[in-house]
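Student: What follows is a single structure, and I will ask about it in a moment.
The values are calculated or read from the model by the stated rules, or taken from the named source; none is laboratory data. Note that the structure is a prediction, hence the values are computed from the model and not measured. All Cβ positions, glycine included, derive from the backbone under ideal geometry; neighbour counts span all protein chains shown.
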Amino acid sequence: MSDHTLDKLPGGYKGMAADMSSDQTAFKGVQWGKTMMWIFLLSDTFIFSCFLISYMKGRASTVVDWPNTSEVFSLHVGDVPVPLLLIAIMTFVLITSSGTMALAVKYGYERNRKMCAWLILATAIGGLTFVGMQAFEWSKLIHEGVRPWENPFGAKQFGSFFFMITGFHGTHVSIGVIFLFIFARKTFRGDFDTGKRGFFTTMKSDYVAIEILGLYWHFVDLVWVFIFAFFYLW
Amino acid sequence: MDETQNKAQGSTHKIGIYLWIWGLLFVLSFCSYMVDWFAFQGLLRWSLIVIFMLLKAGLIMAFFMHLFWERYALVNVLLWPMTAIACFIVLMAAEAQYTVFTRAFYFFVGG
Amino acid sequence: MPDEYNQKNTPLEAQSSETMSGSSGSTTDIDYVRPAEVPEQDLYHGHSFITKWVFCQDAKVIGIQYFLTAVFTGIVGLILSWLMRLQLGFPELVPFITAEHYYQFVTMHGMIMIVYFLTALFLGGFGNYLVPLMVGARDMVFPYVNMVSFWMFFIAVCVLMASFFVPGGPTGAGWTLYPPQAILPGSPGSGIGIILMLVSLSLFVIGFTMGGLNYLITILQARTRGMTLMRMPLTIWGIFTATALAMLAFPALLVSCIMMTLDKVLETSFFMPAIIQAGEVLDYGGGSPVLFQHLFWFFGHPEVYIVALPAFGIVSDLISVHARKNIFGYRMMVWAIVGIGALSFFVWAHHMYVSGMNPWFGFFFATTTLIIAVPTALKVYNWIITLFKANIRMNTVMLFCLGFIVTFVNGGITGIFLGNVAVDIPLSDTYFVIAHFHMVMGIAPLMVIMGAVYHWFPLVTGRMLNERLGKWHFWFTFLGAYSIYFPMHYLGFIGVPRRYFEMYDSPYVTSATGLNEFITVAALIVGISQFIFIYNIITSLKMGKPAGKNPWKANSLEWLTHEVPPTHGNWGENLPVVHRWPYDFNVPGAKEDYITQTTAPSEVLGAEVEKT
């Protein structure tokens, strides 16, 4: 469905009632793949929410003191400990990559193949940097004696929740990075212009796929916003 | 397929809006980092963290994920399930208080 | 392998209902249905045996694969229940049923029946087969993902079954897998068994997410022309809502599985408090076992409705077709399904009244539990009013529907008992609970499944099942199930505790021995009578009476394909166009007693149809 006809539909809640009572599609103009990604992300939101709720319950009910995160995650610049320095850099890297992804989606829809591909590549490199810094952070903490089952700074659950939540988020980032590289190659090759068929699914490639990947990538960023706030800052 | 060809004919969003949001996200991230830098404590810290977090999340969802431009049918389907999570959060917060209470009670008073 | 695609991706001018009424609203053509919004679906047609029957992308074949796999696990679950009943009715009769084995049977029976049998059968089996057909799509929207979904489920079942053969055997922690006991050496299968169970559940969740996305998007975005949400059969509404619940509830299960796996493998302390075992202080400390219960039941209660809602939907359709009457209060039924689905996320801790959670939660959860009974009761009333003064065909399908209503009302009423804290506390962990949930989510959905198999078997195979055997099967199952579970209510009232391997010389034994033996005999008979059903299916495959097209004279789309059984792509050249809801039975003024969904208004001018 083209945007041209979409604009003629009523908006707001009136439009919602009309869409829901119409035939064929409930979400007008939203492609199947994009709907799927949205519903999947909703489901994934529940996964991360459950993790964070468990973390809240665990942290709030422990009788041993929770470590001071801004000390634990501080980096020494020269001799001065700067609290949360690495985490701040990671946040900035991830937001940067989110921005390049948003622009890649825009250029994709404008059929600007080169620009789109370079931006996806930039996003992938940003994601890779993030994963790299996370690996550094993990090894630093492990070096200091933090383990999933113990923690020299206080409550055991600190180590457990830290490795589990950031690990699960890092897995999401890594999967995203892999797909970003694949998509960068596909875009450079022009798959989305020629409608080349997918290797596994045998379905035609389409620029919508970049928006779908973009949704996933922004979601990863979104989750980081919550982890940053609740795990590192709280 | 035809959908993108139609889409290409016009209404992608201006680049300015993305750059604006991008900039705002940097500013908000910086602000939330400053919360830790100045070591605010107590209610002030928590409310600032949550406000900046929600603003960032809202900007990402609304503009980067295009939810602002989506039709209400999709937006509502995505946001209403969060009430279940909200309920879960509130109840687990209460549950955590109670767990701490019982732990303290049985530690000091005994079973 | 050679590829072949539909090359008919002709661009169609997109229009919405609103622009339609603007541009061509002046037309008086009463048969007008606005043109298609989305282009024809691209389908991959398999040619070899492997792509057609093994790694098949056709939702109908995937549905049958799901069905057969689920039935296989169901039979395993049935055999486990026999072994449990043998021990309870005749203690120490079978020497190899030790206490450890008994608990392993209990655990595996529960998990298999709820997750791997009922969920997979309703959503994977019926969902895959019926969703594309009933909404008028050519296939699921992502056939490849759908195929992967089945194979993930298959691997999950393999992992689960593998746990029977590992050292220590399968986990014996009870189907709720409560920590800390689930992963401590005291309970059977706390080594590899519990890990395999958690891995298997995680795989199931991943596989199911893939399938669930397919069902949801197919229903939301791939309906045929004229098929509005309020014209969908209630079967689809049930499957749709159940799938939506699954997408939001399974995450909690996945999270609790991951955390417990870490507790077991890495000795983290998410759910593990400080523990002294046999005088030795373990490394665990500070965790919260009640957190697991909350996560588990945040999944577990919606799971009850994941099983129940498809049953509600399917039984509504079966009753309507075989009573030749429209379903009473269709819209009320839809909203009841949706309302139950939404509320099911706010009632979970009524399973935990005796868990030691915050005592104030009892108020909240008892209230929400009683609220959720309202839409459920509405549905029961509507089924009964549908039957009232209807032209009921007393065939096997209808018998199973009536059996469902009776067992469901029975189980539902005991549910209201258990939803109240004050009543629940003495009754929880007794046989009353067993009776309640077997009635409401064991027997009742099974009745629907069997009715549905008798109903749709002609569609899938082109042959009818034997009616005479079907009636025998029904009466054995229905009366037998009642003889099993009805006495259990009494056992619960006199306080016989559940999950006890043997009562030894406790006072319960003297008064309950006879009843326990009776229940065991009944359970064996009911179990064996299921083989009548399997025999019926196998013989009817080859020798059943040919069904022909639309043997039940139903209205919904799945009976209106060009070929019966439907082939890949479902609809031949053109997709069907829908003009009405699927419940136009016995409409005054119509020639036949049914008007199919594809019948245009101009073909039935004299009929006083409902406007849908």
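Student: Only one of these conditions is not met by C:Thr430: (1) modelled with pLDDT of 95 or more; (2) crowded, with 19+ Cβ neighbours inside 10 Å; (3) touching a Gly at 6+ places or on another chain (Cβ under 8 Å). Which number is it?
Tutor: (1)
Student: Out of the residues in segment A:35-60 that are of a type in the set (Val, Ile, Thr) and within 19 Å of C:Gly212 (Cα to Cα), which is farthest from the chain's Cα centre (by Cα)? Write out each step before concluding.
Tutor: Residues of segment A:35-60 that are of a type in the set (Val, Ile, Thr), as a first pass: A:35, A:39, A:45, A:47, A:53.
The next check asks that each one be within 19 Å of C:Gly212 (Cα to Cα); those that pass are A:35, A:39, A:45, A:47.
Numbers: A:Thr35: 17, A:Ile39: 15, A:Thr45: 11, A:Ile47: 13 Å.
Checking each candidate, the answer is A:Thr35.
Student: Quick one: would you say A:Phe51 is surrounded by 21 or more Cβ atoms within 10 Å (Cβ to Cβ), aromatic (Phe, Trp, Tyr) and free of Cβ contacts under 8 Å to residues at least 40 places away in the same chain? Don't jump to the end; show me each part of the working.
Tutor: Working: surrounded by 21 or more Cβ atoms within 10 Å (Cβ to Cβ): yes; aromatic (Phe, Trp, Tyr): yes; free of Cβ contacts under 8 Å to residues at least 40 places away in the same chain: no.
Judged against the criteria, A:Phe51 is not a match.
Student: Tell me which residues, restricted to segment A:162-172, are among the aromatic types (Phe, Trp, Tyr) and more than 8 Å from every other protein chain (Cβ to nearest Cβ).
Tutor: Across segment A:162-172, the qualifying residues are A:Phe162, A:Phe163.
Student: Right, something else. Has segment C:298-306 got at least one residue that is out of contact with any Lys or Arg (no Cβ under 8 Å at 6 or more places or on another chain) and under 30 Å from C:Gln597 (Cβ atoms)?
Tutor: yes
Student: Which members of segment B:37-65 meet the condition of being in contact (Cβ under 8 Å) with a residue 12 or more places away in the chain and closer than 19 Å to A:His218 by Cβ?
Tutor: B:Phe52, B:Met53, B:Leu55, B:Lys56, B:Leu59, B:Ile60, B:Phe63, B:Phe64, listed by residue number.
Student: Considering only segment C:276-294, I want to know if a residue exists there that is crowded, with 24+ Cβ neighbours inside 10 Å, of a type outside the set (A, V, I, L, M, F, W, C) and part of a loop (DSSP other than H, G, I, E, B).
Tutor: yes
Student: Would you mind finding the one in C:Phe165, C:Phe154 that is surrounded by fewer than 19 Cβ atoms within 10 Å (Cβ to Cβ), without any contact (Cβ under 8 Å) to a residue 40 or more places away in the chain and away from every other protein chain (no Cβ under 13 Å)?
Tutor: Of the residues listed, the single one that is surrounded by fewer than 19 Cβ atoms within 10 Å (Cβ to Cβ), without any contact (Cβ under 8 Å) to a residue 40 or more places away in the chain and away from every other protein chain (no Cβ under 13 Å) is C:Phe165.
Student: May I pose another question? Where residues in segment C:544-562 are assigned to a helix (DSSP H, G or I) and of a type in the set (A, V, I, L, M, F, W, C), which of them is surrounded by the most Cβ atoms within 10 Å (Cβ to Cβ)?
Tutor: Per the stated criteria, the residue is C:Leu557.
Student: Against the condition part of a helix (DSSP H, G or I), in contact (Cβ under 8 Å) with a residue 24 or more places away in the chain, under 20 Å from the mean Cα position of the chain (by Cα) and farther than 18 Å from B:Tyr33 by Cβ, how does A:Met101 come out, does it pass? It would help to see each step written out before you state the result.
Tutor: Numbers: part of a helix (DSSP H, G or I): yes; in contact (Cβ under 8 Å) with a residue 24 or more places away in the chain: yes; under 20 Å from the mean Cα position of the chain (by Cα): yes; farther than 18 Å from B:Tyr33 by Cβ: yes.
Spelling it out, A:Met101 is indeed part of a helix (DSSP H, G or I), in contact (Cβ under 8 Å) with a residue 24 or more places away in the chain, under 20 Å from the mean Cα position of the chain (by Cα) and farther than 18 Å from B:Tyr33 by Cβ.
Student: Filter segment A:66-76 for residues that are facing chain B (nearest Cβ under 10 Å), in a helix (DSSP H, G or I) and closer than 15 Å to A:Val146 by Cβ and give the result.
Tutor: Passing the criteria: only A:Thr69.
Residue by residue, here is whether (1) part of a helix (DSSP H, G or I); (2) under 29 Å from B:Phe38 (Cα atoms); (3) at the interface with chain B (Cβ under 10 Å from one of its Cβ atoms) holds:
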residue: A:Pro10; (1), (2), (3): no, no, yes
residue: A:Phe27; (1), (2), (3): no, no, yes
residue: A:Cys50; (1), (2), (3): yes, no, yes
residue: A:Val64; (1), (2), (3): no, yes, no
residue: A:Thr96; (1), (2), (3): yes, yes, yes
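Student: If you check A:Phe199, A:Phe219, which single one turns out to be in a loop (DSSP other than H, G, I, E, B) and aromatic (Phe, Trp, Tyr)?
Tutor: Exactly one of A:Phe199, A:Phe219 is in a loop (DSSP other than H, G, I, E, B) and aromatic (Phe, Trp, Tyr), namely A:Phe199.
Student: Between B:Arg103, B:Arg71, which is in contact with a Gly (Cβ under 7 Å, 6 or more places away or on another chain), of a type in the set (D, E, K, R) and facing another protein chain (nearest Cβ under 7 Å)?
Tutor: Result of the check over B:Arg103, B:Arg71: B:Arg71.
Student: Then there's this: Considering every residue within segment C:252-265, establish whether at least one is at pLDDT below 95 and part of a loop (DSSP other than H, G, I, E, B).
Tutor: no
Conditions tested, residue by residue: (1) surrounded by fewer than 19 Cβ atoms within 10 Å (Cβ to Cβ); (2) aliphatic (A, V, I, L, M); (3) within 17 Å of the chain's Cα centre (by Cα).
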residue	(1), (2), (3)
A:Val131	yes, yes, yes
A:Phe136	yes, no, no
A:Lys140	yes, no, no
A:Gly167	yes, no, yes
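Student: To continue, here is another question. Which condition number does C:Phe328 fail, the rest of (1) farther than 23 Å from C:Val115 by Cα; (2) not in a loop (DSSP other than H, G, I, E, B) being met?
Tutor: If we test C:Phe328 against (1) farther than 23 Å from C:Val115 by Cα; (2) not in a loop (DSSP other than H, G, I, E, B), just (2) comes out false.
Student: Here is a follow-up. Across segment C:300-327, what is the total count of residues that are within 14 Å of another protein chain (Cβ to nearest Cβ) and either over 24 Å from C:Val131 (Cα atoms) or surrounded by fewer than 24 Cβ atoms within 10 Å (Cβ to Cβ) (or both)?
Tutor: Qualifying residue count, segment C:300-327: 2.
This table checks each residue for (1) outside any loop (DSSP other than H, G, I, E, B); (2) crowded, with 20+ Cβ neighbours inside 10 Å; (3) at pLDDT 90 or above; (4) out of contact with any Ser or Thr (no Cβ under 7 Å at 6 or more places or on another chain).
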residue	(1), (2), (3), (4)
C:Ala522	yes, yes, yes, no
C:Asn536	yes, yes, yes, yes
C:Lys542	yes, no, yes, yes
C:Val564	no, yes, no, yes
C:Arg580	no, yes, yes, no
C:Tyr583	no, yes, yes, no
C:Glu592	no, no, no, yes
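Student: Can you tell me how many residues within segment C:225-235 are in contact with a strand residue (DSSP E or B) (Cβ under 9 Å, 6 or more places away or on another chain) and part of a helix (DSSP H, G or I)? Show your work before the answer.
Tutor: Going through segment C:225-235, the residues in contact with a strand residue (DSSP E or B) (Cβ under 9 Å, 6 or more places away or on another chain) turn out to be C:225-229, C:231.
So of that shortlist, the ones also part of a helix (DSSP H, G or I) come out as C:229, C:231.
So the answer is 2.
Student: Another one. Quick check, is A:Asp7 of a type in the set (D, E, K, R), crowded, with 20+ Cβ neighbours inside 10 Å and under 29 Å from A:Lys204 (Cα atoms)? Before you say what the answer is, go through the steps one by one.
Tutor: Details: of a type in the set (D, E, K, R): yes; crowded, with 20+ Cβ neighbours inside 10 Å: no; under 29 Å from A:Lys204 (Cα atoms): yes.
Here the answer is no, as A:Asp7 does not meet what is asked.
Student: Hey, another quick one. Give the residue, chosen from C:Gly238, C:Gly189, that is among the small types (Gly, Ala, Ser), in a loop (DSSP other than H, G, I, E, B), in contact with a Ser or Thr (Cβ under 9 Å, 6 or more places away or on another chain) and more than 11 Å from chain A (Cβ to nearest Cβ).
Tutor: Among C:Gly238, C:Gly189, only C:Gly189 is among the small types (Gly, Ala, Ser), in a loop (DSSP other than H, G, I, E, B), in contact with a Ser or Thr (Cβ under 9 Å, 6 or more places away or on another chain) and more than 11 Å from chain A (Cβ to nearest Cβ).
Student: Here is a follow-up. For segment A:184-226, what are the residues that are farther than 21 Å from A:Met101 by Cα, more than 9 Å from chain B (Cβ to nearest Cβ) and not small (Gly, Ala, Ser)?
Tutor: A:Thr194, A:Lys196, A:Arg197, A:Phe199, A:Phe200, A:Thr201, A:Thr202, A:Met203
Student: Right, next: Of A:Ile120, A:Ile175, which residue is under 16 Å from the mean Cα position of the chain (by Cα), modelled with pLDDT of 90 or more, part of a helix (DSSP H, G or I) and within 14 Å of chain C (Cβ to nearest Cβ)?
Tutor: A:Ile175
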